[in-house]
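Each reported figure results from applying straightforward, stated rules to the coordinates on display, with no laboratory input. Predicted model, so just to flag it, every value in this text is computed and none were measured. Cβ coordinates were reconstructed from backbone atoms using ideal geometry, including for glycine residues, and neighbour counts include every protein chain displayed.
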Amino acid sequence: MSEIPAVTEPEHRGAVLTIDLDAITANWRLLGGRLKGAALAGVVKADAYGLGMEPVAAALAAAGCRAFFVAHAGEGMALRRLLPEVDIHIFNGIAGGGAEDMAEGRLIPVLNSLGDIDAWRELAGGLGKTLAADIHVDTGMSRLGLPPDEWEVLTADGERLAGIAVAFLMSHLACADEPEHPLNRRQLETFGRAVEELPGTPASLANSSGIFLGTDYHFDLARPGAALYGINPCPGKPNPMAQVIRLQGKILQVREIDSPQTVGYGATHRAGGRELIATVDVGYADGYLRSLSNRGGGFFGDVRAPLVGRVSMDLVTFDVSEVPEHLSRPGSMVDLIGPGHTPGLTVDDVAADAGTIGYEILTSLGSRYHRVHRGGG
Ligand SMILES: *Cc1c(COP(=O)(O)O)cnc(C)c1O
């Protein structure tokens, strides 16, 4: 795993978020290498999990990705302007509106109910065209997708899909990151039966973790998001994915305090003796979650220093008493996530400290960072 280079240009005034597009495409290729015959899409919803949909999708397309998934029609329209020829699938489908725009933009909505199917068929009829769509059959998530009774109605009536070119029959796994969970097998079996009931239709089941459940789960198209962005698809095992982001804050001030003093809002940290406190220019308004208060850490060079006191809106404080002075001066940078190798903090490490998952850390990353996208050519 290679280090994500630090940004050293003197004009950068504050915190820097570096996004390694080459690591994303390397992750995409690594996942593709695990598939035997299935195609590999890229999930770029929510601004590519907070990392920038446009640069990420452009890099994936340059690496050979031909199918993309987003959640909203608006995301799909933005992606269509960037990539005129790729397949763009819309997880949330047409229930939120925008069906005409999706047809116009050649977007592929995921139809999540009989009502969606009827509306899309009628739109196709009205336009006198065949329109592509995915059909989502619910196999145990109970969130979106046709429930069993609607699935029965659909398969009993061949005319229901008139004018709809079904791109993929899809479903979504609830527990793919827990390989031993019995629901995985049950969903696989239910999905396998549905695939047989719609013969000739390509199928898609696996998200990032689903790819690691075995080839049975791969079908014709896998749809990873998280693993592309460095989140471990196999929790509890070594992470096969390259780290993608490095978040560096800048030290604004270093303060020597003595034992009767406390640090930060709520006076939640009390110095045990003489302590050096470094104040860094990142806070919860930047998506550096407040739940990291008194729990997280930062790397000053190779030296980890504990986060002390509460994370405030724009600032966070570390006890740098044990950090060599040349690494903890005002103006020097601290790795809050990264640098991409050990020692350092992965997205999953920070998520564990914050009591959440890597997905939430990434999608919370704020807009105030100086963002640098590297590679991707
Ligand atoms: C977000 C999403 C994915 C991607 O999941 P990851 O766990 O990020 O790989 C795949 N399928 C559906 C339906 C999704 O909503």
Q: Return one number: the angle in degrees, 0 to 90 and rounded to the nearest 10, between the long axis of the Cα atoms of helix 53-62 and the longest principal axis of the Cα atoms of the chain.
A: 70 degrees
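Can you show me the helix-derived [θ] at 222 nm for the chain, built from DSSP H runs with n ≥ 4 at -39,500 (n - 2.57) apiece and divided by the number of residues, rounded to the nearest 500. Can you show the working numbers first?
Values: 11 runs with 103 residues, N = 377.
Rounded to the nearest 500, it is -8000 deg cm²/dmol.
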Q.
Which residue fluctuates most in the GNM of the chain (Cα springs below 10 Å): Ala26, Ala132, Ala62?
A. Ala62
Q.
Could you tell me how far the Cα centroid of segment 100-124 sits from the Cα centroid of segment 289-316, in Å?
A. 47 Å
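Between the DSSP loop rule and a limit of at most 14 other Cβ atoms within 10 Å, which trypsin sites (Lys or Arg not before Pro) in segment 27-72 are left?
Values: sites: Arg29, Arg34, Lys36, Lys45, Arg66; in loops: Arg34, Lys36, Arg66.
Hits after loop and neighbour filter: Lys36, Arg66.
Between Ala285 and Glu152, how high is the FRET efficiency from 1/(1 + (r/R0)^6) when r is the Cβ-Cβ distance and R₀ = 51 Å? Nearest 0.05. Intermediate results must be reported in sequence, preceding the final value.
Details: r = 50 Å, r/R0 = 0.97.
My answer for the efficiency is 0.55.
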Q) Leu40: net charge of surrounding residues, Cβ under 12 Å, Lys/Arg +1, Asp/Glu -1, itself excluded? A) +4
Q: Between Gly297, Gly37, Gly272, find the one with the highest GNM mean-square fluctuation for the chain; connect C-alpha pairs within less than 10 Å.
A: Gly272
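By how many nm would the segment from Ala267 to His181 grow when fully extended, if each residue of separation counts as 0.36 nm and the alpha-carbon distance is taken off? Walk me through the numbers on the way to the answer.
Working: separation 86, 0.36 × 86 = 30.96 nm, distance 4.31 nm.
That works out to 26.7 nm of additional length.
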**Q.** Cα-based shape type of segment 3-110, given that a ≥ b ≥ c are square roots of the gyration tensor eigenvalues and the cut on a/c is 1.5
**A.** oblate
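Counting pairs of alpha carbon atoms under 8 Å apart in space and at least six apart in sequence, what relative contact order in percent does segment 67-127 give? Spell out each step's value before the answer.
Numbers: 77 pairs, mean separation 18.9, N = 61.
Relative contact order, segment 67-127: 31 percent.
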(Q) Need one number: nm distance between label points at Asp118 and Ser364, each 7 Å from Cα along Cα→Cβ, rounded to one decimal. (A) 4.2 nm
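Going highest first, how would you order 361-368, 250-257 by mean Cβ packing within 10 Å? Write out the running numbers ahead of the final one.
Numbers: 361-368: 18.8, 250-257: 15.6.
For the peptides 361-368, 250-257, the packing ranking is 361-368, 250-257.
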Q.
Give me the net charge for the shell around Gly163: Cβ to Cβ below 9 angstrom, other residues only, Lys and Arg +1, Asp and Glu -1.
A. +1
(Q) Can you compute the FRET efficiency between Val303 and Arg81 using 1/(1 + (r/R0)^6), with r the Cβ-Cβ distance and R0 = 41 Å? Round to the nearest 0.05. (A) 0.35
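How high is the FRET efficiency between Arg255 and Glu322 when r is their beta carbon distance and R₀ equals 25 Å, given to the nearest 0.05? Write out the running numbers ahead of the final one.
Numbers: r = 16 Å, r/R0 = 0.63.
Efficiency, from the Cβ-Cβ distance: 0.95.
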